[in-house]
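Below is one structure, written out as structure tokens; the observations come after it.
The values are calculated or read from the model by the stated rules, or taken from the named source; none is laboratory data. This is a predicted model, so every value here is computed, not measured. As a convention, Cβ positions derive from the backbone with ideal geometry for all residues, glycine included, and neighbour counts pool all protein chains shown. What goes into the accessible areas is simple: the full protein's heavy atoms, side chains included, and nothing from ligands, DNA or RNA. Shrake-Rupley method; radii C 1.70, N 1.55, O 1.52, S 1.80 Å.
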Amino acid sequence: MAELLRLLLDVSEKAANVARVCRQEAALFELLVQEKKGADKNKKFIKDFKTLADVIIQEMIRHDVCAQFPEMNGFIHGEESNTFENGLGESVTVTVCAKEEDTAALLAKVLDGDQTAASLLTKAIHQKLQLRDEEAESLQLSLSPDDVAIWIDPIDGTSQYIEGKEEEELDEGFCRSGLPCALVLIGVYLRATGQPVMGVINQPFKCKDFPGQGWRGQHFWGVSYGDVNVCSFLRPLCLQKRDHLSVLLSSSEKPVVKDVLTTLSNSKLMYASGAGYKILCVIQGLVDVYLLSEGSTFKWDSCAPHALLRALGGGISDLNECLRSYANESDGPRPELTYHEPHNRSQGVDRWANRGGIIAYLDSSVCDKTVAALAGKI
Ligand code: 2IP
Ligand code: CA
């Protein structure tokens, strides 16, 4: 099953290429930033292009995985729906075809006859590439494709991707906003228990070597299954050294949460965009925890980075359940997020929301300390 990891690494790199191509090629960039509203909107256009770019990446990942692992057909889920209806009531399903010319024809139809844009995208989608990663290549894993399913977030941090700011890293080693916060997330979980077991994170816009040059990306992966706990990098050593509790939050976090955390002695609150990016900061040990008190992240945001955290000995818990367990003085296992069960009474995307909020950590004692500080106060 290590073949699945290698395939996901390759397809995540193709996804990063599609994301970069859409910003670098004038024909695609124009579509990406044009957001025509009201009477100016072309009713023949199936969907705004930014959503289309997301769907194309998602469908490319789905296509490549099913081509190699047909038993996973029907078990690959994503943030986006791939069927669009335009203003004229016509419906088109965006898929990636086995043959390049068929994909090009379908995309030309979706893009209202824009052949240049369709052929640029088709080239990136059907490109053959292999991402070299020695550790992933030598990994052995006895896990059957029949036992797993996938969550895809084709581009997490879409607003940062569209806005396209070229942000510098802060002293803490991360960016508050901008293109580096946009990530491709592919998470694998067990169908039976919903436990995340494998994750690939691709950051298409890590940095530019020199001004005026194109963007360079980077990737991360992790596997946590049975006795195998492997990550593409080592558990950060800086964890022991920090003398304060550093908490990463969404800028839209509730004031009461910020207030309670600010009153903690030795705490430092920081902010960054993108749910996946904030969890990546925890994975890299740049902060102690990422906490979100509302249900505004979804299974596709957390599945991939959750697998990396588990591989490093950390995790992501449901914040409300942690607060409830603390109040009940329960000493049961920490309530980790799972990925297989929807909220049946909810509608649409809310079926897959991480409804109770989340807390992502590397060190469980830091997670417990944060929960204890918030209990009864938020
Ligand atoms: C979003 C994106 C946002 C995040 C939100 C996610 O996913 O990561 O940045 O909000 O929770 O669902 P915030 O930046 O305030 O943490 P997408 O970009 O895929 O819609
Ligand atoms: Ca997302």
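Somewhere in the range 333-341, is a residue of a type in the set (K, R), touching a Cys at 6+ places or on another chain (Cβ under 8 Å) and either open to solvent by 40 Å² or more (accessible area, probe 1.4 Å) or part of a loop (DSSP other than H, G, I, E, B) (or both)?
Yes.
Which residues, counting only those in the range 261-297, are within 16 Å of ligand 2 (Cβ to nearest atom), crowded, with 22+ Cβ neighbours inside 10 Å and more than 14 Å from V247 (Cβ to Cβ)?
Passing the criteria: S273, G274, A275, G276, Y277, L280, T297.
Taking the criterion of being in contact with a strand residue (DSSP E or B) (Cβ under 6 Å, 6 or more places away or on another chain) and either within 16 Å of ligand 2 (Cβ to nearest atom) or in a loop (DSSP other than H, G, I, E, B) (or both), would at least one residue in the range 157-166 satisfy it?
Yes, some residue in the range 157-166 is in contact with a strand residue (DSSP E or B) (Cβ under 6 Å, 6 or more places away or on another chain) and either within 16 Å of ligand 2 (Cβ to nearest atom) or in a loop (DSSP other than H, G, I, E, B) (or both).
Find all pairs meeting these conditions: Cβ atoms under 6 angstrom apart; at least six residues apart or on different chains; first residue within the range 308-336 and of a type in the set (K, R); second residue not in a helix (DSSP H, G or I).
Note: pairs meeting the criteria are R310/S224; R334/S317.
Return only the number of the condition from (1) loosely packed, with under 12 Cβ neighbours inside 10 Å; (2) modelled with pLDDT of 80 or more that V55 does not satisfy.
(1)
Among S317, S365, which is surrounded by fewer than 19 Cβ atoms within 10 Å (Cβ to Cβ), on the phi < 0 side of the Ramachandran plot and among the hydroxyl-bearing types (S, T, Y)?
S365
In the range 298-310, how many residues are within 14 Å of ligand 2 (Cβ to nearest atom) and either surrounded by fewer than 24 Cβ atoms within 10 Å (Cβ to Cβ) or more than 13 Å from L362 (Cα to Cα) (or both)?
7
Residues D146, D112, D156: which one is among the acidic types (D, E), in contact (Cβ under 8 Å) with a residue 24 or more places away in the chain and surrounded by 17 or more Cβ atoms within 10 Å (Cβ to Cβ)?
Details: D146 fails: surrounded by 17 or more Cβ atoms within 10 Å (Cβ to Cβ); D112 fails: surrounded by 17 or more Cβ atoms within 10 Å (Cβ to Cβ).
Going through D146, D112, D156 in turn, just one is among the acidic types (D, E), in contact (Cβ under 8 Å) with a residue 24 or more places away in the chain and surrounded by 17 or more Cβ atoms within 10 Å (Cβ to Cβ): D156.
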